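The structure appears below as C-alpha cells.
Bear in mind that the values in this text are calculations on the coordinates, not laboratory data. Since this is a predicted model, take the numbers as computed values, not measurements. Using ideal geometry, Cβ is built from the backbone for each residue, glycine included, and neighbour counts are taken over all protein chains shown.
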Amino acid sequence: MPQPPTAARLRSLPVETVQGRAVPVAVGLRSRLLGLAGLRRDAVGPGLFIPRCSSVHTFGMRFALDIAFLDGRGEVLSTRRAVGPRRLAFHRGAAAVLEIPAGQGGDFAPPAD
C-alpha cells in the first residue's frame, strides 16, 4: 500500500481517489507547474493527480514516473511507463493525468472498449 506523501507541498493538497488510489490533487498554479519535480521518490507517496491536463513534463524529476492519461470519466486513455527525467508526454484529448513513481503498482485499468 502506498505511503502518504511526506513532502510539505503535497500534504497541503486535497486528496481524491483516482484509479483506486488516494492521491493529492494539483489544484493551484504552483502545484500544477511543479508537480513532483525536485522531490525525493520516498517523499511523494502515491503520486499526483492533475485535472484539466493533457500533457506533462519531467524536467527537474529525480526518478521515473508511470503516467496515465484519463478521459473526463476517469477512464484510462493511455499510459506511459517509466518516463525518465527531462521528457515531455502528452495525449490529445486527455482530461487529466495521474503521475505515480515508476514501478509503484501502476496497474491502471485498461481502456474501455
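Summary table
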quantity: Where trypsin sites (Lys or Arg not before Pro) fall in DSSP loop in segment 26-91, at most 13 other Cβ within 10 Å; calculated: Arg40, Arg52, Arg73, Arg86
quantity: Length-normalised contact order of segment 8-101 in % [C-alpha pairs under 8 Å, at least 6 apart]; calculated: 28 percent
quantity: Residues with amide H under 5 Å from that of Phe63, placed H, sequence gap 5 or more; calculated: none
quantity: Förster radius 22 Å - calculated FRET efficiency between Ala22 and His57, Cβ distance, rounded to 0.05; calculated: 0.35
quantity: Net charge, Leu33 excluded, C-beta distance under 15 Å - Lys, Arg +1, Asp, Glu -1; calculated: +3
